[in-house]
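Notes follow the structure.
The values are calculated or read from the model by the stated rules, or taken from the named source; none is laboratory data. These numbers come from a predicted model, not from an experiment. Backbone-built Cβ (ideal geometry, glycine too); neighbour counts: all protein chains shown. Side chains are part of the model used for accessible areas, which takes the heavy atoms of the whole protein and leaves out ligands, DNA and RNA. Shrake-Rupley method; radii C 1.70, N 1.55, O 1.52, S 1.80 Å.
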Amino acid sequence: MMELRGVRVHNLKGIDLDLPYGKLIAVCGRSGSGKSSLALDTLFAEGQRRYIETFSAYARQFLARWERPDADRLDGIPAAIAVRGTPSNPSSRSTVGSATEIDDYLQLLFAKIGTIYCPGCGKPVRCDTPQTILKQLKQSSETKIQISIAPPLDISRNIFETTWKERGFVRGSIFGEPFRLDDGGVPDASYRRILETKSKANASLLDGIEQGSDPQLFLTVDRIVVGQTEDRRIVDSLESAMQYGNGKCFVGNLPFSTRLNCESCDISFDAPDPKLLRNANPSGDLHTRLLRDVVRVDGKTLADIDATKISATKIFFDSLRISEPEMFVGGIPLEQIRKRLGFLEQVGLGYLTLSRPMTTLGNGERRRVELTTVLGSSLVDMLYVLDEPSIGLHPKDSEILLRSVKSLRDRGNSVIVVEHDEAFLHAADRIVEIGPEAGENGGRIVFQGTPQELLAAPESPTGRFLSEKRDPKKPPKRRKPEFGFIELRGGTGNNLQRINVSFPLGVLCLVTGVSGAGKSTLVQETLYPALCERLAKKSEVPLPFEKLTGEDRIDDVILVDQSPIGRSGRSNPVTYLKIFDEIRNVFAETPDARIRNFTAGHFSFNVAGGRCETCKGDGSVTVDMQFLPDMFLRCPDCNGKRYRPEILDILYRGKNIADVLDLTIREAFSFFRGQAKVQQRLKRLMDVGLDYLRLGQPANTLSGGESQRLKLAAFLSTGGKGHCLFLMDEPTTGLHFADVAQLLDCFESLLDTGHSLIIVEHNTQMMHAADYIIDLGPGAAENGGRIVAQGTPEEVAANTDSATGAALSLV
């Protein structure tokens, strides 16, 4: 049992909690209530800290500075692994294969059991060992066989004979005629003939073994009789022949070599090395002869594997059978490849290829790719903390992912998911709800128990919502497209199947469908840039389409996507909405600041003057952990406050600038009473459901949905005019049911003032509230890109071919 006592991390109010091992535990509650503070900042942080204690002395020397979660007692926390809610920003070279580590295992497998095929003649090139040669001899019909070498020549015959005689060689043949080194030696004329032949070929006289495929001078190593000579003697003789023959020998008339060499094309190859098989490795070129299309396993090259869909690749490796010796060196990588491909297919990504760049994937697809590395591990007795794994998933895909998450638990691990998804809540062994509200009004245990008990808990906001869903309700009043339609004809980008779409204006229009159905392709990569071209706005080139009409019905189009508002901790909600300028002015106008000649610039942590120079206003310092990821520790000088002590001495209504940055949006709205400009913009943040965020929360810690709603608040604060079409991508990301209701109120305000909304969305609560739904599918990739259903939610729910309709029929 994991025992937590008196946990006070962030807004948690000294909570006590007992969590059983080996269970799937869902942590739910309103945004900002303290879910992540419990799951990530307490359980995962303590599990990680304890794991690091097992590391080397170099790593442990920093543990005294590693902050323990603020709690009276934390007992029984296992080593922990976390997948956070915000997908990492992939590099331009990152692919599905590299992100899941499948590429690493493929390179290892191909290097260990792959066969090189000569690019000249296409024949397999293999290296020989005494054991493989012996096996071949036993399968041969010949019995009396001579093992020999073609020795390198010396310009002097006497030196040549003396050298090889001292090494124990007596017999040989030259141009088919036998000789003995202890009885006359090599015939003089024949020896000169070989030297002259090689000289004319511009060959090194000392490099005879490397020249040509038809040597005429041999020295006998041994004469054997297959079936009568002991295997040990044959192997010893072959080893001696390889040693003295520079890796090459002759058994009868057949050449054998320990090196990879195509005799027909006279091309040599380096031994396969995983590093040389990397797609981006500069060594994997013609110079090394180890191209990705040269090494094959069961006829497939790495290039073939990369270009094949994951579902087909899984079938190939599941059916791949390798020999027992190959299993000894290739069994582990093959097992990992099969397992990780299986998880990619389980989470609904079988339509991707391993070479697909991560930058081209949607947030939901990226999350599932990142989860594959975790799900594909074989660890047991671990604590897995998953922060909203269902983000970006259609309800149909959530059910698929849920099965994979359950498999983590079934292997003997403890799994904690921070989730709002109904499927996860119903499937959990135990539910812990934090709340009841956000910020200072949250941080308490509202409920803990089974999903069935949750439905009967009147104090639980989540339980009330789920219970109310079971009661049939009259559908809300649907808006009509009073401003007409924008029509897109002949869309063929990516997987779109030359579709024709009519987008209604003046209503809440949702574009739905399973992951990979083509939603982002249609809305973000085709419709948005096409409208920008017509409205003379700068944008990317739209994907192919035939015709667009109705753009004259709108005055502007705004894409509110999930890209981060900033990649560093210096950007935050108040800097993004320009509220910080007003706040700094408020502090600069205080009597104490004016006496000390502090200007508004002194209250900025981005420039020298008032900031802490030890951390340059970051509030933390970076520690290079060498073999581990960098560690970020609270600045020892400013204690994370970002400012110099004399700046922190300046108070406004009893708080300094660092205290103010630590306020939530809702708390700040009350604190700055009388400051109309500040309150006006803070109100916009509250309108889009971000009242729980802290003013100074780093932008790189915001989820995609939070970043999106922040952008929407920025537009609302500028008071945009005219008929604007908003295009949004899953704005409900990370929101509790109550928060979604608040966001819908914000959308209603936009629609009431004459704007239009087209939203890519999976949330069933949002679907039910929509005026119009355009459902793409029915599947992903080439099985998607079509309109499966369209109309009101009731009309889509009645369509038996629609996965969205099936989800809506349960609402």
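A few comments on the model shown:
- Residue in segment 520-569 that is nearest to Leu757 (Cα to Cα), counting only those that are among the hydrophobic types (A, V, I, L, M, F, W, C) and part of a loop (DSSP other than H, G, I, E, B): Ile554
- Within segment 34-57, residues that are over 10 Å from Ala80 (Cβ atoms) reach partners that are surrounded by fewer than 16 Cβ atoms within 10 Å (Cβ to Cβ) and at pLDDT below 90 with beta carbons closer than 7 Å, at six or more positions or on different chains, in the pairs Ile52/Leu63; Glu53/Arg60; Glu53/Leu63.
- When Asp592 is tested against (1) open to solvent by 30 Å² or more (accessible area, probe 1.4 Å); (2) in a loop (DSSP other than H, G, I, E, B), only condition (2) is not met.
- The lone exception for Arg430 - which of (1) charged (D, E, K, R); (2) out of contact with any Lys or Arg (no Cβ under 9 Å at 6 or more places or on another chain); (3) at pLDDT 95 or above it fails: (2)
One line per residue, one yes/no per condition, for (1) in a helix (DSSP H, G or I); (2) open to solvent by 10 Å² or more (accessible area, probe 1.4 Å):
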site	(1), (2)
Leu743	yes, no
Ser749	yes, yes
Leu757	no, no
Met767	yes, no
Asp775	no, no
Ile787	no, yes
Gln790	no, yes
Thr800	no, yes
Thr804	yes, no
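- In segment 420-449, residue most open to solvent (accessible area, probe 1.4 Å) [restricted to those that are over 14 Å from His736 (Cα atoms) and of a type in the set (Asp, Glu)]: Glu440
- Qualifying residue in segment 693-705 (condition: assigned to a helix (DSSP H, G or I) and either within 22 Å of Leu651 (Cα to Cα) or without any contact (Cβ under 8 Å) to a residue 60 or more places away in the chain (or both)): no
- For Thr521, the test of being within 20 Å of His394 (Cα to Cα), touching a Gly at 6+ places or on another chain (Cβ under 7 Å), buried (at least 18 other Cβ atoms within 10 Å of the Cβ) and not small (Gly, Ala, Ser) is passed.
- Among residues of segment 147-180 being touching a residue at least 40 places away in the same chain (Cβ under 8 Å) and of a type in the set (S, T, N, Q), the one that is most open to solvent (accessible area, probe 1.4 Å) is Ser173.
- Qualifying residues in segment 79-89 (those that are within 14 Å of Thr372 (Cβ to Cβ) and part of a loop (DSSP other than H, G, I, E, B)) - the one modelled with the highest pLDDT: Ser88
- Some residue of segment 430-442 being within 28 Å of the chain's Cα centre (by Cα), under 24 Å from Asp387 (Cβ atoms) and acidic (Asp, Glu): no
- Apart from one condition, Val621 fits all of (1) touching a helix residue (DSSP H, G or I) at 6+ places or on another chain (Cβ under 8 Å); (2) among the hydrophobic types (A, V, I, L, M, F, W, C); (3) open to solvent by less than 40 Å² (accessible area, probe 1.4 Å); the exception is (1).
- In the condition set (1) closer than 20 Å to Gly791 by Cα; (2) open to solvent by 20 Å² or more (accessible area, probe 1.4 Å); (3) not acidic (Asp, Glu), Leu535 is compliant with all but (1).
- Test: Gly506 is out of contact with any Ser or Thr (no Cβ under 7 Å at 6 or more places or on another chain), within 23 Å of Glu748 (Cβ to Cβ), among the small types (Gly, Ala, Ser) and open to solvent by less than 50 Å² (accessible area, probe 1.4 Å): no
- Of all residues making up segment 732-771, the number that are aromatic (Phe, Trp, Tyr) and at pLDDT below 90: 1
- Boolean, Phe343 is aromatic (Phe, Trp, Tyr) and within 30 Å of Leu38 (Cβ to Cβ): yes
- Residues of segment 1-37 satisfying the condition of being of a type in the set (A, V, I, L, M), closer than 19 Å to Thr450 by Cβ and either open to solvent by less than 10 Å² (accessible area, probe 1.4 Å) or within 30 Å of the chain's Cα centre (by Cα) (or both): Met2, Leu17, Leu19, Leu24, Ile25, Ala26, Val27
- Verdict on Ser390 being in a loop (DSSP other than H, G, I, E, B), out of contact with any Cys (no Cβ under 9 Å at 6 or more places or on another chain) and hydroxyl-bearing (Ser, Thr, Tyr): yes
- Residue within segment 450-466 that is at pLDDT 90 or above, buried (at least 23 other Cβ atoms within 10 Å of the Cβ) and of a type in the set (Asp, Glu) present: no
- Test: residue in segment 137-151 that is part of a helix (DSSP H, G or I) and either over 21 Å from Glu263 (Cβ atoms) or under 22 Å from the mean Cα position of the chain (by Cα) (or both): yes
- Boolean, Val385 is touching a strand residue (DSSP E or B) at 6+ places or on another chain (Cβ under 8 Å) and either at pLDDT 95 or above or aliphatic (A, V, I, L, M) (or both): yes
- Pairs where the first residue, in segment 711-735, is free of Cβ contacts under 8 Å to residues at least 40 places away in the same chain and the second is open to solvent by 10 Å² or more (accessible area, probe 1.4 Å), C-beta under 6 Å, 6+ apart: Leu716/Arg684; Thr732/Asn763
- Residue list for segment 331-362, restricted to those being open to solvent by less than 40 Å² (accessible area, probe 1.4 Å) and touching a strand residue (DSSP E or B) at 6+ places or on another chain (Cβ under 9 Å): Gly350, Tyr351, Leu352, Thr353, Leu354, Met358, Gly362
- Number of residues in segment 372-391 that are crowded, with 19+ Cβ neighbours inside 10 Å, more than 25 Å from Asp103 (Cα to Cα) and not β-branched (Val, Ile, Thr) equals 5.
- Under the condition of being touching a residue at least 40 places away in the same chain (Cβ under 8 Å) and either crowded, with 20+ Cβ neighbours inside 10 Å or more than 29 Å from Glu399 (Cα to Cα) (or both), the residues counted in segment 310-330 number 6.
- Among (1) modelled with pLDDT under 90; (2) in a loop (DSSP other than H, G, I, E, B), the one test that Gly168 misses: (1)
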